[in-house]
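For reference, the structure is listed below as structure tokens.
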Amino acid sequence: MTAEIATAVVTDEEKTARELEAEAQRPSGPAAAVILASGIGALVLGLLTTLAEASTSIHDWLQFYDRVGPLSGKTIVAGAVFFAAWGALTVLWRRSNPPLRTVTIAAVALIVLGLIGTFPIFFQAFTSE
């Protein structure tokens, strides 16, 4: 009876070791893809915010829903770009291990640029009158 318990414990420990080993071998590409896609989506949102102020035609094109104004188009387009980038990068990196530090630094830089594009003091400098 004690041998059966010991065998069960060893088997569980072996399973845990195998799971950890399998997890360590998983590619980090899909995780890197979503990190970089978030930066791309944020940058697109910032660009669209600035472009909507700079051009009345872009402002009017982004107005998908009249009660919301061009914000509806900005968020829908930025969300679509995020999901498209996530899908494309996941397919591209599904079996690879891109350097997560580099990807994260690039994503943070893109997010910062996107945030700058959403500040009124910045995008109002491009206002078309």
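The values are calculated or read from the model by the stated rules, or taken from the named source; none is laboratory data. Bear in mind the structure is a predicted one, so any value in this text is a computation, not a measurement. Don't worry about glycine lacking a Cβ; one is built from the backbone with ideal geometry, like all the others, and counts go over all protein chains shown.
Values computed for the structure shown
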item: Any pair with Cβ under 8 angstrom, 6 or more apart, that starts in region 47-62 at a residue that is closer than 9 Å to Lys74 by Cβ and touching a residue at least 12 places away in the same chain (Cβ under 8 Å) and ends at one that is part of a loop (DSSP other than H, G, I, E, B) and of a type outside the set (Lys, Arg); result: Leu48/Leu62; Ala52/Leu62
item: Some residue of region 114-128 being surrounded by fewer than 14 Cβ atoms within 10 Å (Cβ to Cβ), β-branched (Val, Ile, Thr) and under 30 Å from Pro27 (Cα atoms); result: no
item: Count of residues meeting criterion [exposed (fewer than 14 other Cβ atoms within 10 Å of the Cβ) and part of a helix (DSSP H, G or I)] in region 57-75; result: 2
item: Filter pass, Ala52 being out of contact with any Asp or Glu (no Cβ under 7 Å at 6 or more places or on another chain), of a type in the set (Gly, Ala, Ser) and either in a loop (DSSP other than H, G, I, E, B) or crowded, with 19+ Cβ neighbours inside 10 Å (or both); result: yes
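Table: residues versus (1) at negative phi; (2) at pLDDT below 95; (3) among the small types (Gly, Ala, Ser); (4) within 13 Å of the chain's Cα centre (by Cα).
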| site | (1), (2), (3), (4) |
| --- | --- |
| Thr7 | yes, yes, no, no |
| Lys15 | yes, yes, no, no |
| Glu19 | yes, yes, no, no |
| Glu23 | yes, yes, no, no |
| Ala33 | yes, no, yes, yes |
| Glu53 | yes, yes, no, no |
| Leu62 | yes, yes, no, no |
| Leu110 | yes, no, no, yes |
| Gly117 | yes, yes, yes, no |
